[in-house]
Amino acid sequence: MYEFIAFYIFAIATTILFVITVMSKNVLYSMTSLAAGMVLISGFFFLLGADFLGVVQLIVYVGAVMALYAFAMMFFDATKNVKEKHQNPALVFLLGGLMALVFVIMFSAPVIGDNIQALYPIEDGVGNAQAVGMVLFTKYLVPFEVAAVMLLVAMIAGIILAGKKMDYSLTKSEAIDEEMNVELKKGEE
Amino acid sequence: METATMLPEVTAAGVIIKAVLILAVIAAIAGFGTYIERKVLAFMQRRLGPQHVGPFGLLQLAADGIKLFTKEDIIPQHANKIIFAVAPVITAATAFIALAAVPVFPDFTIPLLDIYVPSIASDVNVGILFVLGMMAAGLYGPLLAGMAQANKWGIIGSARTAIQFLSYEVVTGLSILAPIMMVGSLSFVDFNNYQADGTWIVVYQPVAFVLFLIAGYAETNRTPFDLLEHEAEIVSGYVTEYSGMRWGLFFIGEYANMITIGVIASIVFLGGYNDFWIFPGWLMIIAKIAFSFFFMLWVRAAWPHIRPDQLMWLCWKVLMPLAVVNVVITGIVMMIVG
């Protein structure tokens with residue numbers, strides 16, 4: 001009974017928040033509702049008894065959306081509305097709507113066909129983290145390792161892109177030091 | 001829930017009483033903490049601190065409270081009003097939600113009504129991750145506050161929040177990973193039971209303990225890492241435009257987070273609420289949390305602020321490699337010994 005009520009509260013709240021994310025013209029509103037929606041999604045995991053996944057959802061998306069905020073801060077004035085350029089609003093609406101429809105059909109088809117089976121149901125006596133770890137290192141080992149390699153590649157790429165002036169310190173730059181030395185010598189003379 | 005087998009059943013009434021208890025007691029302690037902080041800092045800096053209101057300045061707390069509640073509540077003209085109002089609530093609320101999953105006071109039964117009040121309001125078996133995640137979510141408070149107030153100092157404050165969060169979250173997670181590997185569980189109760197024989201995890205994991213404390217201070221933005229509201233550089237950072245109780249909520253949230261960090265450090269590294277020699281467990285945990293709180297004040301009195309680039313340098317070039325090496329060594333030792 002409590003789960004029923006909680007599910008609908010979470011469901012309605014997430015839907016409203018994500019609608020705000022899409023509809024709002026203010027970057028602050030859409031980012032904040034995105035973050036709040038991501039936090040509320042973790043509520044579903046907790047309701048299903050998957051505590052570990054719920055917490056992971058919380059930690060991962062809190063961090064990820066925080067990085068998005070950093071970009072928003074650099075590109076937009078948060079207190080003003082963003083003017084969007086729409087060349088062809090009808091086409092955008094049509095394509096977006098079709099995409100959403102396809103996703104809904106994709107995810108609801110197994111539900112309608114009663115084809116969902118829990119391959120790895122929660123066992124008593126085995127913690128959430130252990131259960132996830134077992135599956136990751138047996139059945140899903142290859143995707144897990146591939147994801148790790150992908151992240152490693154992304155990390156190296158990031159370091160190479162950002163590392164051009166790694167030794168150059170903004171606050172202790174050599175150029176400024178040289179200028180200082182020149183000034184000091186002038187003072188001595 | 002296998003730990004609760006011998007104990008009475010946890011009812012909804014017990015949990016609600018517990019939640020109200022946490023709110024009331026921690027909020028009061030957070031207020032009293034400001035008084036202690038001023039007194040301890042004054043002692044260390046050879047000043048007197050608050051002493052005019054009441055005996056030893058004890059009623060300074062009440063005076064501050066009256067001031068906070070009666071101050072004019074200002075919302076700047078061009079600010080985003082909704083986000084501006086929500087931001088302080090996020091900080092305070094997440095700080096208290098994080099406290100829901102840590103054992104704060106010993107469990108007891110209310111005699112006449114026969115209601116059992118558990119020591120943890122919600123015993124999720126991934127307690128540590130939940131608390132860390134909730135504290136991380138709390139940093140949305142400063143971030144949103146800075147961005148909503150249409151003030152350049154605020155924007156700088158929130159930009160610093162983002163960089164500080166993104167870097168120190170890594171160190172917190174990695175440093176606490178080594179003890180988690182040793183215990184093999186994410187539940188605070190298991191951590192406590194692991195140290196029941198009297199050897200604290202800090203003995204095995206001194207590096208992780210130091211790293212966790214440093215990262216914890218950065219996450220609760222205590223000096224020397226309080227770049228978010230560095231008053232000598234950026235006025236007050238993200239709280240520049242805040243006044244009255246909205247500002248007070250940020251403050252309560254910060255102090256509640258300090259207590260949470262103290263609780264995590266005490267339970268994960270310092271032996272938890274086990275009995276020690278002749279001292280009962282509840283006294284030990286309070287003493288440890290109090291010492292950890294005092295230690296934060298001590299650090300604040302002893303160290304100057306650091307620059308943002310020094311903060312980044314410390315995190316990515318010193319602490320993170322150390323934490324990774326610590327995790328690897330722990331793994332190798334566990335493989336050989338265990």
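Throughout, read-outs are computed from the coordinates displayed, never taken from laboratory work. Treat the numbers as computed from the prediction; the structure is a model and nothing was measured. All Cβ positions, glycine included, derive from the backbone under ideal geometry; neighbour counts span all protein chains shown.
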Express the C-alpha Rg of region B:171-232 as a ratio against the empirical globular expectation 2.2 N^0.38 Å, rounded to two decimals.
-> 1.36
Using only alpha carbons, build the gyration tensor for chain B and give me the equivalent ellipsoid semi-axes, biggest first, whole Å.
-> 32, 26, 20
Using just the C-alpha positions of region B:128-230 as equal point scatterers, what log10 of I(q)/I(0) does the Debye formula give at each q in 0.15, 0.16, 0.23 1/Å?
-> -0.67, -0.73, -1.17
Among B:307, B:38, B:46, which comes first, then next, by fewest other beta-carbon atoms within 10 Å?
-> B:46, B:307, B:38
Of the options A:73, B:192, A:1, report the single residue whose Cα projects farthest towards the positive end of the charge dipole of the protein assembly as shown (beta-carbon charges: Lys, Arg +1; Asp, Glu -1).
-> A:73
Hey, can you rank B:129-139, B:84-94, B:228-238, A:102-112 by average C-beta count inside 10 Å, highest first?
-> B:129-139, B:84-94, B:228-238, A:102-112
Reduced Cα scattering model of chain A, Debye log10 I(q)/I(0), q = 0.09, 0.16 Å⁻¹ = -0.61, -1.38
Grab the Cα-Cα distance for residue B:82 and residue B:333, subtract it from 0.36 nm times how many residues apart they are, and report the gain in nm with one decimal.
-> 85.1 nm
Quick one: what does P(r) look like for region A:1-84 with 5 Å bins over all Cα pairs, in whole %?
-> 3, 15, 21, 21, 17, 11, 7, 4, 1, 0
Of the listed pairs B:67/B:317; A:186/B:152; B:18/B:288; B:18/B:81, those with alpha carbons more than 32 Å apart are B:67/B:317; A:186/B:152; B:18/B:81
Across peptide A:64-73, how many C-beta atoms of other chains are within 10 Å of each residue C-beta, on average?
-> 5
Using Cα atoms only, what is the angle between the long axis of helix A:89-112 and the major principal axis of chain A, expressed in degrees (0 to 90) to the nearest 10?
-> 50 degrees
Provide the FRET efficiency to the nearest 0.05 for the residue B:283-residue B:73 pair, computing r from the beta carbons and using R0 = 35 Å.
-> 0.25
Return the calculated 222 nm mean residue ellipticity for the protein assembly as shown, to the nearest 500 deg cm²/dmol, obtained by summing -39500 (n - 2.57) across DSSP H runs with n ≥ 4 and dividing by the residue count.
-> -22500 deg cm²/dmol
Gyration tensor over alpha-carbon atoms, the protein assembly as shown, equivalent ellipsoid semi-axes in Å | 35, 34, 28
Round to a whole angstrom and tell me the spacing of the C-alpha centers of region B:252-281 and region B:154-173.
-> 25 Å
